[in-house]
Amino acid sequence: MECRDLLKKLCSINAVIGREDAAAQAISGILSDYCDEVRVDAFYNVIGLRKGQGENPRNVLVSAHYDQIGLIVTGIDENGFLRFTNMGGVDPKTLAAMEVTVHGRRDLHGVIGSKPPHLIPPEDSDKPVKLEDMLIDIGYGAEQARELVSVGDVVSFRFPVLELKNNRMAGRSMDNRSSVAALVEMLKELERIRHRDNVYAVATVQEESGLVGAFMTSWNLKPDLAIAIDVCHGDMPDAPSDESFPLGKGVAIAVGPILSRKHTRACIKLARQEKIPYQIDAEEKDTGTEAAVYSSALEGIPTLLLSIPAKYMHTAVEMVSLDDIGAAARLAARYIAFRDELDQEGDSND
Amino acid sequence: MFDTISMLVNAFGPSGRENRVAEVVTQMIKDKVDEISSDAMGNLIAVKKGSGKKIMLAAHMDEIGLIITTIDDKGFLRFGTVGGVLPLISLGQRVVFENGLTGVVWYEESIESMKDAKIDKMYIDIGAKTREQARELVEIGDMAVFEGRPVEQNGLIISKALDDRVGCAILAELARRCPATDNEIYYVFTTQEEVGLRGARTAAYAIRPDLAIAIDVTRTGDTPKSKPGAVSLGEGPAIKVKDNSVIAHPRIRERLVDCARENGIPFQFEVVDKGGTDAGSIHITAGGIPSGGVSIPTRFIHSASEIVDIKDVENAARLLEAFIKF
């Protein structure tokens, strides 16, 4: 499958934080085409293994979380409207007039209502609507709604994947299915290269609510090297230039205190040698990604963080470039395969 | 149940100083379990042996409190907080130290608005006239807890520290009933929940259970102009869907629902944005421990007058008894 179609397929899967059980089989099916074995753990982390072909293979973990932000039903009112709160970082002002799927007893189409401008008093017209004042309308009255929907059911956003010019794709859940696409593209690349090490390609859960899957994965696999793939902010008007990266200009390689200096330097060197487009992402804190967990898990796992620039993060119109996904995949695969052959001259052992 | 709860809430036990609560629990259950021991964090772990699944039930022993930071030359005590203490509801409260000394929390009357009544504008008066006199009774680092003796009224219990001695009481009751099951049950009375779910983390690491349930309190939405959507007092224990520290494992949540339905036990769902429970640290320990929660709807959490409905407490015990037998 071409990367474009793979990404579309991945974005069509629903895995709202904590309910990855609904999606684990689909993710497992996609990974299994390129792995020697795939298993799903008790928390629905999907763990693919591509065995190494060399002597004394080490274990490399490459992870991309597959959970997505969404909403959760907190109540059903007397008219059948659903109250909700956020699952993960949702900006309330992006929700009005959104189409949603309520994952109740069966999947139900719904909309988040928004009061027409005609009915809003002028003094309130500039005021943002609060999350607790919004409601989902599924078209049913209270009795039918209560039969089909329960407090605690999750809600996903409905938005088609848009193919834009310049290899750009937009839609919901590009955070982080674009990284899952990179994970799969990396496995494809590894089919064409001989590699010594075992590669654990893991689609992890509940990243958006506390990096949960990374805690389990690092403990259970005890890898020698961890590579986290996630999205970073794409460059957009008014975005701070040191925290956002232009789309189509390559994978962002993170540099910072929690990341392995040795591996990061070698990785940058490889990108230069292989002419893989890259950008440098300076992360002075813990990165807020799974890399934060890996770097301090067990005895400490040397960790790399590769990011795909995504504009409009945590909205239904997140935008990425297929070129950056390809660059991330190529760099991860080639680093895993060729890291021992890189000229380490002048590098310290840290 | 009220007597059990009374004995537990009356024990002094802010975070890090839970030993008196542990002593009360030990006396209640030691004859009914196969092993009982404390670990380095002060967690009390009681085991009923079995050959089936290892199930960890966790309730925290610690309560919120105040900690003395400085003593001024007139004998007034300045303090910091241990856990989530709200400044405004601390005002005018009586507090009690471990040695039985009583103090009163008041504020600097020069402040212009009660909104400015932050903790650093407040003090504890123990009636001492000088720093020296005060230091004969207390020392910097000593902790105090709210006074608020337990009362039973209209089927409700009003008391301080129901968060989470009510959970401890449910576990103690359950241990005393000795439910017939092949599963190995770990009754774990944890420490330092209020300051970061700390005790449960080491206890779960040591036990490595197959699954875990945290028993704690959850806020209600049934008081005047409270937020809609939350649970109500007296309508059954709440089965946790999510809080700010954990999303309940879907299979555990479903099993709890099945147990409630099969036994005709009323229940509600807990979906909250704020607050955490021991399940938050347990579920990410040692490669992942599927975890859930059973919560007691509670009004006025973290005040000296928390309120629970005794029916909810009893139904929570029934629900857990059914759950651990599967």
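Assorted remarks:
- Residue, nearest to the other protein chains (Cβ to nearest Cβ), within the range A:179-220, restricted to residues that are open to solvent by 10 Å² or more (accessible area, probe 1.4 Å) and in contact with a Leu (Cβ under 9 Å, 6 or more places away or on another chain): A:Trp219
- Total residues in the range B:44-85, condition more than 23 Å from B:Ile126 (Cβ to Cβ) and in a strand (DSSP E or B): 12
- Unique match (being among the β-branched types (Val, Ile, Thr), part of a loop (DSSP other than H, G, I, E, B), farther than 20 Å from B:Gly275 by Cα and in contact (Cβ under 8 Å) with a residue 60 or more places away in the chain) among B:Thr223, B:Thr181: B:Thr181
- Criterion applied to B:Thr277, B:Thr202 was being open to solvent by less than 10 Å² (accessible area, probe 1.4 Å), closer than 21 Å to A:Val212 by Cα and not in a strand (DSSP E or B), and the one residue passing it is B:Thr277.
- Of the residues examined, B:Asp258 is not one that is open to solvent by 20 Å² or more (accessible area, probe 1.4 Å) and within 8 Å of chain A (Cβ to nearest Cβ).
- Members of the range A:143-178 found to be part of a helix (DSSP H, G or I) and within 14 Å of another protein chain (Cβ to nearest Cβ), listed by number: A:Arg146
- If you go through the range B:294-312 and keep only what is surrounded by fewer than 24 Cβ atoms within 10 Å (Cβ to Cβ) and at negative phi, you end up with B:Arg299, B:Ile301, B:Ser303, B:Ala304, B:Ser305, B:Ile307, B:Asp309, B:Ile310, B:Lys311.
- Cross-chain or 6+ apart pairs with Cβ under 6 Å, the range A:28-44 first and on the phi > 0 side of the Ramachandran plot and open to solvent by 20 Å² or more (accessible area, probe 1.4 Å), then modelled with pLDDT of 95 or more and not small (Gly, Ala, Ser): A:Tyr44/A:Glu20; A:Tyr44/A:Asp21; A:Tyr44/A:Val205
- Condition broken by B:Ser291, with the remaining ones in (1) among the polar types (S, T, N, Q); (2) more than 12 Å from chain A (Cβ to nearest Cβ); (3) open to solvent by less than 10 Å² (accessible area, probe 1.4 Å) satisfied: (2)
- Here B:Ala161, B:Ala144 are screened, and the one residue that is surrounded by 18 or more Cβ atoms within 10 Å (Cβ to Cβ) and on the phi > 0 side of the Ramachandran plot is B:Ala161.
- Checking each residue in the range B:240-255 for being in contact with a helix residue (DSSP H, G or I) (Cβ under 7 Å, 6 or more places away or on another chain), open to solvent by less than 20 Å² (accessible area, probe 1.4 Å) and more than 13 Å from A:Asp153 (Cα to Cα) picks out only B:Val246.
- In the range B:261-272, of all residues being closer than 24 Å to A:Arg83 by Cα and either among the basic types (Lys, Arg) or open to solvent by 30 Å² or more (accessible area, probe 1.4 Å) (or both), the one that is farthest from the other protein chains (Cβ to nearest Cβ) corresponds to B:Pro266.
- For the criterion of being open to solvent by 40 Å² or more (accessible area, probe 1.4 Å), at pLDDT 95 or above, within 14 Å of chain A (Cβ to nearest Cβ) and closer than 30 Å to A:Thr204 by Cβ, B:Ile284 passes.
- Pick from the range B:126-141, criterion in a loop (DSSP other than H, G, I, E, B) and within 10 Å of B:Ile71 (Cβ to Cβ), ranking: most open to solvent (accessible area, probe 1.4 Å): B:Ile140
- Segments classed as strands (runs of 3 or more DSSP E), wholly inside the range A:1-120, with at least 3 members that are within 21 Å of A:Met174 (Cα to Cα) and within 14 Å of chain B (Cβ to nearest Cβ): A:70-76
- Filter pass, B:Gln153 being over 30 Å from A:Ser150 (Cα atoms), more than 14 Å from every other protein chain (Cβ to nearest Cβ) and without any contact (Cβ under 8 Å) to a residue 24 or more places away in the chain: yes
- The set of residues in the range B:1-59 being β-branched (Val, Ile, Thr) and in contact (Cβ under 8 Å) with a residue 60 or more places away in the chain consists of B:Thr4, B:Ile5, B:Val9, B:Val21, B:Val25, B:Ile29, B:Val33, B:Ile45, B:Val47, B:Ile55.
The values are calculated or read from the model by the stated rules, or taken from the named source; none is laboratory data. Fair warning: this is a prediction, and the values are worked out from it, not measured in the lab. Backbone-built Cβ (ideal geometry, glycine too); neighbour counts: all protein chains shown. Just the protein is used for accessible areas: all its heavy atoms, side chains included, with ligands, DNA and RNA removed. Shrake-Rupley method; radii C 1.70, N 1.55, O 1.52, S 1.80 Å.
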